[in-house]
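K.L.:
The structure under discussion is supplied below as structure tokens; questions concerning it will follow.
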């Protein structure tokens, strides 16, 4: 009986330690996920920032041709962003100029929360065909 009691107390201490680690978020895997911005091949996501009410994206065209009628939207945002000026996106340049584009009207959660949403880019290629590509942004809300 004494043998079983000793092991019982040891198991109880281990369970309390695991419970304390889980309570303080040490065992939460979302804390260790890296921030990433993944788009279709040929489109680069140079930089990005997610705030509580919006998102800033610096997207680069690497498809090898100029695009027109470009529209960028993120799931959960009521607003979409179009390229500045004539809605064109020249090959090798950043959409919206060097500062990129900003999307507003989003409800991305509280500061520090994990954000993971789809990014949809709709454009017309130089041949006149309409295309829709989808990517993903994973980040912490700043």
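K.L.:
Given a Förster distance of 35 angstrom, what is the FRET efficiency for residue 69 paired with residue 36, based on the Cβ-Cβ distance and rounded to 0.05?
P.N.:
Working: r = 27 Å, r/R0 = 0.78.
Efficiency, from the Cβ-Cβ distance: 0.80.
K.L.:
Taking 7 Å along the Cα-to-C-beta vector as the label spot, tell me the residue 134-residue 2 distance in nanometres, rounded to one decimal.
P.N.:
Result for the modelled spin labels: 6.6 nm.
K.L.:
Here's another thing I want to ask about it. Mind checking the angle between helix 2-23 and the chain's longest principal axis? C-alpha axes, 0 to 90 degrees, to the nearest 10.
P.N.:
20 degrees
K.L.:
I need the calculated FRET efficiency for the pair residue 20 and residue 52, taking r as the beta carbon distance and R₀ as 30 Å, to the nearest 0.05.
P.N.:
Values: r = 30 Å, r/R0 = 1.01.
The formula returns an efficiency of 0.50 here.
K.L.:
Would you calculate the separation in nanometres between label points at residue 111 and residue 99, each defined as 7 Å from the Cα along the Cα-to-beta-carbon direction?
P.N.:
About 2.2 nm separates the two model spin labels.
K.L.:
Run the Debye formula on the Cα coordinates of the chain, all scatterers equal and no solvent, and tell me log10 I(q)/I(0) at q = 0.15, 0.20 1/Å.
P.N.:
Log-scaled intensity ratios, in q order: -0.75, -1.14.
K.L.:
Between residue 28 and residue 124, what is 0.36 nm times their sequence separation minus the Cα-Cα distance? Round to one decimal in nm. Walk me through the numbers before you get to the answer.
P.N.:
Details: separation 96, 0.36 × 96 = 34.56 nm, distance 4.22 nm.
Additional length available on full extension: 30.3 nm.
Any read-out appearing in this document is the output of simple, stated calculations on the displayed coordinates, not a laboratory observation. The structure presented is a predicted model; accordingly, all values stated were derived computationally and were not measured. Note that each Cβ is placed from the backbone with ideal geometry, even for glycine, and that neighbours are counted across all protein chains shown.
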